[in-house]
Structure formats: structure tokens, C-alpha cells
Amino acid sequence: MDDERARALLTAERIRVEGLLAGTSRAGLDDRDEANAGGDMADPAQRLTAEQGDDAVAEGLQARLRAIEGAERRLAAGNYGRSIRSGLPIPDERLEADPAAELTVEEAAEADAVDDLTTADTTVADATLDDATSDDAEDD
């Protein structure tokens, strides 16, 4: 992919993500203002859930901006379109779909599989710890 096309894709993605982030930040502030306003406190959990959802979306968008910044640095350094892990070329089709891609499709799939295993291991460990803790509490 040529640098001009890459720059255009990254700029468009940055504008899109920054717009989404601004909207999410406004929604989060609105939720907090509503929660802090006096009046009906019939369901404060609903507002808290909305705030947490807004925060999670904002965190994901901020991570996306960091990925775009990394891609912009790679473009400036002359190694955009190459995997940060192996140095192999990332196909143009992948970069068109995700201009901030830093791994080949195969490497990204491997990373996702490792993440899935890590999440599963953590969940099993947490469940085991919870079971042990509840068993200890029952013994008391």
C-alpha cells in the first residue's frame, strides 16, 4: 500500500474514532449529571450501569486511538504495512479493513487464541479460588 493511501485511511479512522469518543464522553457526562441531580432515585443502578458502559466504550476507543497513533509512527518510520512481530507484509486488503493492523491475519488469530486461553485459565482459577473460599467459609 502506498503511503498516501495509508495516510488517508489512518486520518479517516482517526476522525471517526475521535468523533465516537467525543460522543461517548458527552453521553458519560450526561449520565453522571443525571445521577448527581436531585430528584427521583428510583433506579440509581440503571444510571450506574449506563456510566460503566460509557466508560468501557470510551476505554476501547482510547485503545483504538493508541493503535492508530502506533500505525502513524510506523508510517513515518517507513515500516507501515509490516507485522510488528515477524516483519512479514500485511496484505493491503487487511490494511484497507483495519488501517491500524499491526499483525498479519494469522498472527492476529494466534494472539486471539492465546488471549482466549489466558481468559479461560483465569476464569477457571477464579472459580477454583471462589470454591475454595466458599468451602472455607462453610467450615467456619
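The values are calculated or read from the model by the stated rules, or taken from the named source; none is laboratory data. These numbers come from a predicted model, not from an experiment. So basically every Cβ, Gly included, is an ideal-geometry build from the backbone, and we count neighbours across all protein chains shown.
Does A27 meet the test of being in a helix (DSSP H, G or I), modelled with pLDDT under 95, surrounded by 11 or more Cβ atoms within 10 Å (Cβ to Cβ) and in contact with a helix residue (DSSP H, G or I) (Cβ under 9 Å, 6 or more places away or on another chain)?
Here the answer is yes, as A27 does meet what is asked.
Quick check on segment 76-87. Is at least one of its residues in a helix (DSSP H, G or I) and at pLDDT 60 or above?
Scanning segment 76-87, I find at least one residue that is in a helix (DSSP H, G or I) and at pLDDT 60 or above, so the answer is yes.
Report yes if A108 is of a type in the set (A, V, I, L, M), in a helix (DSSP H, G or I), at pLDDT 85 or above and buried (at least 17 other Cβ atoms within 10 Å of the Cβ), otherwise no.
Yes.
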